[in-house]
1. Arg277 versus Asp89, label points 7 Å from Cα toward the beta carbon: distance in nm?
2. Quick one: order His281, His211 by neighbouring beta-carbon count within 10 Å, fewest to most.
3. Specify which residue in the list Ala312, Pro264, Ala113 is farthest towards the positive end of the charge dipole of the chain, using unit charges on the beta carbon of Lys, Arg (+1) and Asp, Glu (-1), about the Cα centre.
4. Based on other C-beta atoms within 10 Å, arrange Ser270, Ser289, Ser106 from fewest to most.
5. Using alpha-carbon pairs under 8 Å, 6+ residues apart, how would you state the relative contact order of the range 139-206 in percent?
6. Along its principal axes, what span do the Cα atoms of the range 139-206 show, with the longest given first and each in whole Å?
7. Can you give the translational diffusion coefficient of the chain in µm²/s, computed by Stokes-Einstein from the Kirkwood radius over Cα pairs at 10 °C and 1.306 mPa s?
8. For each of Asp269, Asp171, count neighbouring Cβ atoms within 10 Å of the residue's Cβ, then give the residues from fewest to most.
Amino acid sequence: MEQQADTTTRLAFQFPGQGSQHVGMGKALAERFPSARRTFEEADDILGFALSRLCFEGPAETLTDTVNAQPAILTTSIAALRALAEATDGRIVPDYYIGHSLGEYSALVAAGALTFADGLRLVRLRGELMQDAGRARPGGMMAVIGLDARVLEEICRRASDGEQVVQVANDNAPGQVVLSGDMHSLERAGELAKEAGARRIIRLAVSIAAHSRLMARAAEGLRRAVHAVSLQVPAAPVVANVDARPIHTPEEVRQELVAQLTAPVRWTDSIRELARRGVGHFVEIGPGSVLTGLVGRIVGTASATSVGDPDAVLAFAQAWR
């Protein structure tokens, strides 16, 4: 029996961030949908190297490098978005857009606030700036399972000391929080989290402290680039990472893109805000399905699906006929 869309419930498109990359991503989409293939060709032309080959064939260590992973994820996400539009003749239009960290750029491209070309150049630069900031002020990131963000905010305050700083970087879901900071403070925060009852402490394989004050140097460099690009009013509101509220104007977009480099990603609050606004369907567009899994942990009554390969695109298009 064919599933019919619930027209009384609002729809949000959500876009994944760094960490969702994998070798082979987007290849099947490009083979099946001309719009997706053209998206990868466009990315290759804009960046001046074969990003498509890196996505399709790797190697994994080169794809994972932040300067490559960021434009690769954005390109794959927009390729999936365009494939979905191709499969549905553009008739599925969301009420809201949202993206996790890097995914916020994909959301803004999808909403028409930022061109694909400008978005691609910005995330390539963002990766370079973050890498440089990490060399200047080395740090790391750590996932903490079993404690909520408010508890960890107090732990971070206790573990920080002057120039030594650790802070909440991603509040991904209740009991799933990522901390970011210099290595000494991060280690101290891990010890305090264990004492407070954390079930698991997982050090992430990164050498930068994303979404922390250690990225201040990168934020200043990005500010100049963001103010140099042309931005438009989004076709639908984009819920921002920094304050979990919809942004509507180009100036709000500029402020958000700069601020999110040093501020936490308030994902739990953002998904709850969308649910409060009537969103009951979340569609993750791009590689992976991490965000799809988080929705159920944050809002148990909402439905979520991921659209990152041809079968998923066609199945979703059929369900929303």
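Read-outs throughout are calculated quantities, based only on the coordinates presented, and are distinct from any laboratory measurement. Every value quoted in this text rests on a predicted model; they were computed, and no experiment measured them. Glycine also receives a Cβ, built like all others from the backbone with ideal geometry; neighbour counts cover every protein chain displayed.
1. 2.9 nm
2. Numbers: His281 19, His211 24.
Least to most surrounded, the residues fall as His281, His211.
3. Pro264
4. Numbers: Ser270 26, Ser289 17, Ser106 32.
Ranking Ser270, Ser289, Ser106 by Cβ neighbours within 10 Å, fewest first, gives Ser289, Ser270, Ser106.
5. Values: 142 pairs, mean separation 31.7, N = 68.
Relative CO of the range 139-206 lands at 47 percent.
6. The principal-axis extents, from largest down, are 29, 24, 17 Å.
7. Values: Rh = 19.7 Å.
Reported coefficient: 81 µm²/s.
8. Details: Asp269 18, Asp171 24.
If I rank by nearby Cβ atoms, fewest first, I get Asp269, Asp171.
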